[in-house]
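The values are calculated or read from the model by the stated rules, or taken from the named source; none is laboratory data. Here the structure is a predicted model, which is why all the values come from computation and not from measurement. With ideal geometry, Cβ positions are generated from the backbone for all residues, glycine too; neighbour counts draw on all protein chains shown. These area figures cover heavy atoms from the full protein model, side chains too; ligands, DNA and RNA do not enter into them. Shrake-Rupley method; radii C 1.70, N 1.55, O 1.52, S 1.80 Å.
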Amino acid sequence: IDGLLRQSISTVKTTFGDAFVNPDGRHRLGMISPVISEQGEVVGALLLETRLHPITDLVAKHEGVGRSSEAHIAQPTADGSAQMITALRFDRKSAFRKIIPDALNLPINQALHSPRSRILHHKDYRGVDSVLAMQTIPATGWGLVVKVDSAEAFEPVLELRRVLIITTISCVVFVLVCYMFCFVPIGNRLQRTASAARKIMNGDLTTRITDNTQDEVGHLARTIDTLARDLEADQTMRESVEARLRHQALHDELTGLLNRKYANSVIQQLDKDSRGHHSVMFIDLNGFKDVNDLYGHAAGDEVLVAVAARLSKQIASTEGITLARWGGDEFVVILPHCDEEAATTLAVSLHDAFDEAITTSAGMHYISCSIGLATSSDAKTLDEVLLEADSLMYEQKKRQK
């Protein structure tokens, strides 16, 4: 606790501790948050605990993807081992009971030391060959593993290979028989059919034979065309799913805005750009908690969606601006190559966007915002600018209160 307390006070940021089971048997997460005076000085810290289920429930959703798919989280113990804090799909009593020794070097152990996401083929905690993706969660030091059994992961590929092999063998046998007993025109048709089958097998799914003759050769050609269309449709659907997953990885599910991960990548990229200065705005909603408490989270979600739409409308006419939902009711606006004066003008327009009440299914809500604005310099990186904007936003929020 002393180390976390010093870290929270020195960084002026909320620091996450360990997950634990309280005396009532409930799963909790410990946090330490600095207390800042009106002069902006750290005068103390709050030790908090919150429910762990909102996090573990999100992880458990991965079990619905397939027969063996699952995701689990572990936290490091004092000796470097991995303590499971989520229930495993095939071991429901594992949460806070199962500890994986560091010496086993299983993926969940490796995930505690993987700041960048990794994908590997390895045995899981059951000893079953699996395809796993892992990453260390930066704020907590937890290890996250998402996995699926290799047999299930490669099943579509093996089935596709089997279909292609069977189709190719059938085509070759059919071509040989027809070549021996038919005339040259039929032989030419078979040669074209075999050539198309080879192209499909090699990945050219746009190949079509288009033989409408009502005989065996024509039927085979149409069968291959159907297979090619089905494979092409499957490939298109797979690419669509991959594109959707890439979109979900970089966008907030509720508001559709870019998410914190994307905003951080923009900040890192702009830090490498020395052509001029960049500005960052940190926006926090005032009165949002009252909406959640009085009208429920459904109304709160409607407010967040409406706020995202208003902010997007205000910056729509300016190119290059990144608007992202940072988390909860916090938003970040990144303005590349923008000095403080121009950024202040935009901040005023964003603040004015809250003058009109927000209408939801629960009624009308008057929401305002606090905005912290900071601009980079030759001696100040964008990461430092972001922290400064966050601090300025909280100072404005305290003044408004």
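List every DSSP H helix in the chain whose Cα atoms extend 15 Å or more along the helix's own long axis and whose mean Kyte-Doolittle hydropathy is at least 0.5.
Result, helices passing both filters: 155-181, 297-315.
How far is it, in nm, from the label point at ASN105 to the one at ASP301 when both lie 7 Å from their Cα along the line to the Cβ?
4.5 nm
Which whole number of Å³ per residue matches the convex hull of the alpha-carbon atoms in the range 205-286? Provide the component values of the computation, followed by the final result.
Numbers: hull volume 12.1 nm³, N = 82.
Value for the range 205-286: 147 Å³ per residue.
Any idea what the relative contact order of the chain is, in percent, if you count C-alpha pairs under 8 Å spaced at least 6 apart?
Averaging sequence separation for qualifying contacts and normalising by length gives 9 percent for the chain.
Taking only protein heavy atoms into account and a 1.4 Å probe, give the accessible area per residue of the chain in Å². The partial results should precede the final answer.
Details: 23240 Å² over 401 residues.
About 58 Å² of surface per residue is accessible.
With all protein chains present, how much of the accessible area of the chain (probe radius 1.4 Å) comes from carbon and sulfur, to the nearest whole percent? Kindly include the intermediate steps, with their values, before the conclusion.
On the way: 12940 of 23240 Å².
Result for the chain: 56 percent of the exposed heavy-atom area is carbon or sulfur.
Note down the Stokes-Einstein diffusion coefficient of the range 276-333 in µm²/s, whole number, using a Kirkwood radius over alpha carbon pairs, 37 °C, and 0.692 mPa s.
Answer, rounded: 263 µm²/s.
Just subtract the alpha-carbon distance of ASP383 and ASN22 from 0.36 nm times their residue separation and send over the number in nm, one decimal. Present the calculation step by step, with values, prior to reporting the outcome.
Details: separation 361, 0.36 × 361 = 129.96 nm, distance 3.61 nm.
Stretched fully, the ASP383-ASN22 segment lengthens by 126.4 nm.
How about the range 284-375: which GluC sites (Glu not before Pro) there lie in a loop by DSSP and see at most 14 other Cβ atoms within 10 Å? Could you put the intermediate results ahead of the total?
Details: sites: GLU302, GLU319, GLU330, GLU340, GLU341, GLU356; in loops: GLU319, GLU356.
Taking the range 284-375 and a limit of 14 other Cβ atoms within 10 Å, the loop GluC sites (Glu not before Pro) found are GLU319, GLU356.
Rounded to the nearest 0.05, what FRET efficiency do LEU48 and VAL177 give with R0 = 56 Å and r taken as the Cβ-Cβ distance? Could you check?
Values: r = 78 Å, r/R0 = 1.39.
The formula returns an efficiency of 0.10 here.
Please work out how much length the chain gains when fully extended from THR168 to LEU231, using 0.36 nm per residue of separation minus the C-alpha to C-alpha distance, in nm with one decimal. Write out the running numbers ahead of the final one.
Details: separation 63, 0.36 × 63 = 22.68 nm, distance 1.47 nm.
The THR168-LEU231 span can extend by a further 21.2 nm.
Rg over Rh of the range 72-122, using C-alpha atoms and the Kirkwood radius, what does it come to? List each step's numbers first, then the result.
On the way: Rg = 10.8 Å, Rh = 11.3 Å.
Taking Rh as the inverse mean 1/r over Cα pairs, Rg/Rh reads 0.96.
At a probe radius of 1.4 Å, what is the per-residue accessible area of VAL59, in Å² to the nearest 10?
10 Å²
In nanometres, what is the gap between the two model label sites at VAL348 and ARG260, each 7 Å from Cα along Cα-to-Cβ?
3.2 nm
Could you tell me the accessible area of ILE209 in Å² (1.4 Å probe, neighbours in place), rounded to the nearest ten?
So the heavy atoms of ILE209 present about 10 Å² to solvent.
Projected area of the range 289-401, taken from the Cα convex hull and averaged over every viewing direction, in nm²? Working shown, then result.
Working: hull surface 29.8 nm².
Orientation-averaged projected area of the Cα hull: 7.4 nm².
Send over the Kirkwood Rh of the range 197-335, from the inverse of the averaged 1/r over different Cα pairs, rounded to one decimal Å. Write down the numbers at each step before the final one.
On the way: mean 1/r = 0.0518 Å⁻¹.
In the range 197-335 this quantity evaluates to 19.3 Å.
Using a 10 angstrom cutoff on alpha carbons, build the Gaussian network for the chain and name the most mobile of LEU335, LEU294, LEU47.
LEU294
By accessible area of protein heavy atoms, probe 1.4 Å, what ranking do LYS147, LYS98 get, highest first?
Values: LYS147 5, LYS98 60 Å².
From most accessible down to least: LYS98, LYS147.
Among [x] 21.6, 72; [y] 28.8, 97; [z] 20.2, 63, only one was calculated for this model; which label is it, if the read-out is Rg and Dmax of the Cα atoms in Å?
Read-out from the structure maps to [y].
If ILE55, ILE334 are ordered by their accessible area, calculated over protein heavy atoms with a 1.4 Å probe, which sequence runs from highest to lowest?
Details: ILE55 60, ILE334 0 Å².
Ranked from most to least accessible, the order is ILE55, ILE334.
Once ligands and nucleic acids are excluded and a 1.4 Å probe is used, how much of ASP301 is accessible, expressed in Å² to the nearest 10?
Answer for ASP301: close to 60 Å² accessible.
Using a Debye calculation, one point per C-alpha and no hydration shell, please list log10 I(q)/I(0) for the range 127-236 at q = 0.12, 0.17, 0.24 Å⁻¹ in order.
-0.55, -0.82, -1.26
In what order, largest first, do ASP24, ASP234, ASP339 sit by accessible area if the probe radius is 1.4 Å? It would help to have the intermediate numbers written out before the result.
Details: ASP24 120, ASP234 65, ASP339 90 Å².
These residues rank, largest area first, as ASP24, ASP339, ASP234.
Among LEU52, THR236, GLN400, whose Cα projects farthest towards the positive end of the dipole of the chain, with charges put on the beta-carbon of Lys, Arg (+1) and Asp, Glu (-1)?
Farthest along the dipole direction, towards plus: THR236.
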